[in-house]
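This report concerns only the one structure given below.
The values are calculated or read from the model by the stated rules, or taken from the named source; none is laboratory data. All of these numbers come straight from a predicted model, not from anything done at the bench. FYI the Cβ positions are ideal-geometry reconstructions off the backbone, even for glycines, and counts take in every protein chain you see. Areas reflect the complete protein model, heavy atoms only, side chains present, ligands, DNA and RNA absent. Shrake-Rupley method; radii C 1.70, N 1.55, O 1.52, S 1.80 Å.
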Amino acid sequence: MPDIWWKADPQDLHRLADRVSSVYVERSHLDRDENAVVIINKQQTVRVPAAMVAVMLLCPGTRVTHGAIRLLADSGTAICWVGEQGVRMYAAGLGPSRGAGLLQRQAWLVTRPKQRLAVARAMYGQRFPGEDVSGLTMQQLRGREGARVRKIYRTQSQRTGVPWNGRIYKPGDPHAAGDDLNRLLSAANAALYGICHAVITGLGASPGLGFVHTGSALSFVLDIADLYKADYTIPLAFDLAADGLTDERDARLGLRDHIARDKLLNRIIEDVKTLLTPDGTDIDDAEAHLLWDEHLGTVPGGTDWSAEDTHIAVIGPEIDESGPAR
């Protein structure tokens, strides 16, 4: 049984599925005290056990010490540096996985059209329960998905009485365009992207190797997040707009509560694993120091292979700088 959190080693604690989904920090200073991250601002000081957090979102106005970053990294907490209101992600740190097994499997799938299409169909299949999508092309799947999303927006508008005039989104600055409902959607989606990114990196997969989306460093994050928008961010945004709650913080906190209520982290973890290993193959995520070999596949790293070298070295005598011999 692991020791209490302030004495235990960070990696002894809390599987990804058991963690708090996210901690959002802005206009604060982050430091380390034992195995806790201390968040300090003019109003309060908050201690957060690092190994209990899936992702730490660092927003403008945030300063962080080297000690805090090291603790979060050792704890397997994903760290995301995001833009104002948590919308744009500029950089991200590692999650708890240190192995490359799942990443190699993902790369193998995404670089083979037949296997990539199978994964994409599986993603769309989750959105059309009870329907056979195994024979549909990507063009057909995109068309059906577009019709489904439009229907969801109409249904939510009728349910809440909030007018819907279409999705307005400005890449790079989504809060600068659209009405309150559109801004709530952007804020809720941004929070969802952070959670999905934490799970993907936490499992050792790549956020950039997408199957439906492509060309972005977050393509796979967008793929996974799209599986949950109809159940979470879209109805949440309509509910908030109907209640007159239009601040982006309302969307972020609302999504956080829904994630905790439904244990969404567990679901995302299982969905990512199922999509990348549909046959139930167990991927070892242990860190391995190996070298690639074109004949053997891999050979151990950290080994002196000079005994097998066949090169010849010719070394002349040292130069006598005192002048020519007499």
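Highest mean first, what order results for 184-196, 57-69 on Cβ atoms within 10 Å? Display every interim value, and only then the final one.
Numbers: 184-196: 26.2, 57-69: 16.9.
Highest mean packing first, the order is 184-196, 57-69.
If Lys and Arg each add +1 and Asp and Glu each add -1, what is the summed charge of the other residues whose beta carbon sits under 14 Å from the beta carbon of His213?
Numbers: positive: Arg116, Arg142, Lys229; negative: Glu145, Asp223, Asp226.
Overall, the nearby charge balance is 0.
Where Lys and Arg each count +1 and Asp and Glu each count -1, what net charge lies around Ile39 among other residues with Cβ under 14 Å from its Cβ? Kindly include the intermediate steps, with their values, before the conclusion.
On the way: positive: Arg27, Arg32, Lys42, Arg47, Arg63; negative: Glu26, Asp31, Asp33.
Net of charged neighbours comes to +2.
Project the alpha carbons of segment 131-236 onto their principal axes and report the range along each, largest first, in whole Å.
41, 34, 21
Tell me, what % of the accessible area of segment 110-225 is carbon and sulfur with a 1.4 angstrom probe?
Values: 2910 of 5400 Å².
Of all accessible area on segment 110-225, carbon and sulfur atoms account for 54 percent.
Would you mind checking Lys229/Lys273; Lys114/Lys263; Lys229/Lys263 for any pair whose Cα atoms are more than 24 angstrom apart? Don't skip to the answer; put the middle values down first.
Values: Lys229/Lys273 19 Å; Lys114/Lys263 33 Å; Lys229/Lys263 15 Å.
Result: Lys114/Lys263 exceed 24 Å.
Which value, in Å² and to the nearest 10, is the accessible area of Asp257 when all protein chains are kept and the probe is 1.4 Å?
Accessible surface of Asp257 is approximately 80 Å².
Can you give the log10 of the normalised intensity I(q)/I(0) at q = 0.16, 0.19, 0.20, 0.24 Å⁻¹, computed with Debye over equal Cα scatterers of segment 183-271?
One equal scatterer on each Cα of segment 183-271 leads to -0.61, -0.82, -0.89, -1.15.
Excluding ligands, DNA and RNA, what is the solvent-accessible area per residue of segment 136-269 at a probe of 1.4 Å, expressed in Å²? List each step's numbers first, then the result.
On the way: 5820 Å² over 134 residues.
About 43 Å² of surface per residue is accessible.
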